[in-house]
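This report concerns only the one structure given below.
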Amino acid sequence: MEFKHVSVLFKESIDALKIKDGGVYVDGTLGGGGHSYGILSVGANCSLVGIDQDKEAIAASRERLAEFSGRVTFVNRNFSEIKNILHELGIDKVDGAVLDLGVSSYQLDNAERGFSYMHDAPLDMRMNTGSGKTAYDVVNTYGCEELTRIFYEYGEEKWSKRIAEFICERRAKKEILTTFELVDIIKAAIPKKARMEGGHPAKRVFQAIRIEVNNELGILEGAVKDFIDCLKTGGRLAVITFHSLEDRIVKKTFMEEAKGCVCPKEFPVCMCGRSPEIKIVSRKPVLPSQKEIEGNSRSKSAKLRIAEKL
């Protein structure tokens, strides 16, 4: 199966980086190489570090970016390791970086990966197929209260408790092995009238399990701060999120890093000596155009936030 991923907010994110000739850039979520291709095409003689924990993404992007041979370094690791990666490559600071936090079309559509509620497959959902925890582990070993919390917090699923109870009842009789088995349980747990509203009834639960399996939110705040630390003065970070929890973390982190003094208001002079690390380029996120949404429905929830290092 061909590794396919349509880069969301492509032009907006490439423009946001203000790419300069000879610069050094990082694509922390390489995927199929779409954003990387844009960066390398715009910046003459610029170089790029492409990071992805999915080895199939690395293989696909090597092929797509073959014309830029010598200008790209491929790294099969998680973007949260950015500081160690750059240190090992002998790179001090970079001119810009992009993070696209969406799941690729390939991962969603490849039944074997277990990300999709539309294909029957073993419960997996790992971005890095060599890592330990799988969706099977979450569904079959987590307690009912923990499942409820994950479904509610990560999926914003209002039927979280009922779905968790149905899962625990089913697995007490027989372990849950496949995506379609899980979908059937979710459908049984949600009342018929509610199932008819808001898209596929399993969408939110599958999102929540994927986030838990890959610790997506757990690493995000620290990773964003590390990427900011790795920027040269004037360098920019562009982050594309796809659901409210991600966007909330990025927004909060940007606001914290853009703060100056954090001393109590009653202090007559600053005692903390804190200076802002970044300026936020746009207070409101950049959203996809109606034309992009019509051409790629998966872009509908995307938000782009941009920060510039001071």
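The values are calculated or read from the model by the stated rules, or taken from the named source; none is laboratory data. None of these values were measured; they are calculated from a predicted model. Note that we place each Cβ from the backbone using ideal geometry, even for glycine, and neighbour counts take in every protein chain shown. All accessible areas refer to the heavy atoms of the entire protein, side chains included, with ligands and DNA or RNA removed. Shrake-Rupley method; radii C 1.70, N 1.55, O 1.52, S 1.80 Å.
Overview of results
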{"quantity": "Sulfur and carbon atoms: percent of accessible area, the stretch 1-130 [1.4 Å]", "calculated": "46 percent"}
{"quantity": "Estimated dipole of the stretch 166-244 in Debye, rounded to 20 [Cβ of Lys and Arg +1, of Asp and Glu -1, Cα centre]", "calculated": "400 debye"}
{"quantity": "Centre separation in Å (Cα based) which lies between the stretch 144-200 and the stretch 70-135", "calculated": "27 Å"}
{"quantity": "Computed over the chain: relative contact order in percent, which uses C-alpha pairs under 8 Å that are six or more apart", "calculated": "18 percent"}
{"quantity": "Rounded to the nearest 20 debye, dipole of the chain from Cβ charges on Lys, Arg, Asp, Glu", "calculated": "880 debye"}
{"quantity": "Distance in nm between pseudo-label sites at L89 and S297 (7 Å out along the Cβ direction from Cα)", "calculated": "3.7 nm"}
{"quantity": "Environment charge of K303, counting only residues whose C-beta is closer than 10 Å and scoring Lys/Arg +1, Asp/Glu -1", "calculated": "+1"}
{"quantity": "Linear extension gain, D15 paired with K55, 0.36 nm per residue minus alpha-carbon span", "calculated": "11.6 nm"}
{"quantity": "Solvent-accessible area per residue, Å², over the stretch 93-194 with all protein chains present [probe radius 1.4 Å]", "calculated": "46 Å²"}
{"quantity": "Selection from S13, I58, F79 lying farthest towards where the dipole of the stretch 1-89 points positive, charges on Cβ", "calculated": "S13"}
{"quantity": "Dipole magnitude of the stretch 86-155, debye to nearest 20 (Cβ charges: Lys/Arg +1, Asp/Glu -1, about Cα centre)", "calculated": "60 debye"}
{"quantity": "Listed residue (L147, S160, A172) projecting farthest to the positive dipole end of the stretch 137-177, Cβ model", "calculated": "A172"}
{"quantity": "Accessible surface ranking that places the most exposed of Y25, Y152, Y136 first, with a 1.4 angstrom probe", "calculated": "Y152, Y136, Y25"}
{"quantity": "Rounded percent of accessible protein surface that carbon and sulfur make up, the stretch 250-310, 1.4 Å probe", "calculated": "55 percent"}
{"quantity": "Cα Rg, Dmax, the stretch 47-201, angstrom units", "calculated": "19.5, 58"}
{"quantity": "Computed helical MRE - 222 nm, the chain, DSSP H runs ≥ 4 contributing -39500 (n - 2.57), nearest 500", "calculated": "-12000 deg cm²/dmol"}
{"quantity": "Residue-level accessible surface for S80, protein heavy atoms, 1.4 Å, Å²", "calculated": "40 Å²"}
{"quantity": "Label-to-label distance, nm, for residues given as R71 and A172 (7 Å Cα→Cβ offset)", "calculated": "6.1 nm"}
{"quantity": "Normalised contact order of the stretch 170-255, rounded percent, pairs of Cα under 8 Å and 6 or more residues apart", "calculated": "20 percent"}
{"quantity": "Simple spin-label estimate for K192 and V269 in nanometres, 7 Å along Cα-Cβ", "calculated": "7.5 nm"}
{"quantity": "Ranking by accessible area, most exposed first, for K158, K174 with a 1.4 Å probe", "calculated": "K158, K174"}
{"quantity": "Selected from A97, A121, A172 as most flexible by GNM, with the chain as the system and alpha-carbon contacts under 10 Å", "calculated": "A172"}
{"quantity": "Of all accessible heavy-atom area on the stretch 158-203, the percent that carbon and sulfur account for (1.4 Å)", "calculated": "55 percent"}
{"quantity": "Over 26 Å between alpha carbons, listed pairs K232/K284; K20/K83; K133/K284; K161/K251; K83/K259", "calculated": "K133/K284; K161/K251"}
{"quantity": "Stretchable slack from S282 to A111, in nm (0.36 nm times residue separation minus alpha-carbon distance)", "calculated": "57.7 nm"}
{"quantity": "Listed residues P288, L245, P191: farthest to the positive end of the dipole of the stretch 161-310 (Cβ charges)", "calculated": "P191"}
{"quantity": "Degrees, to the nearest 10: 216-229 long Cα axis against longest axis of the chain", "calculated": "0 degrees"}
{"quantity": "The stretch 49-144 - percent relative contact order, Cα under 8 Å, separation 6 or more", "calculated": "20 percent"}
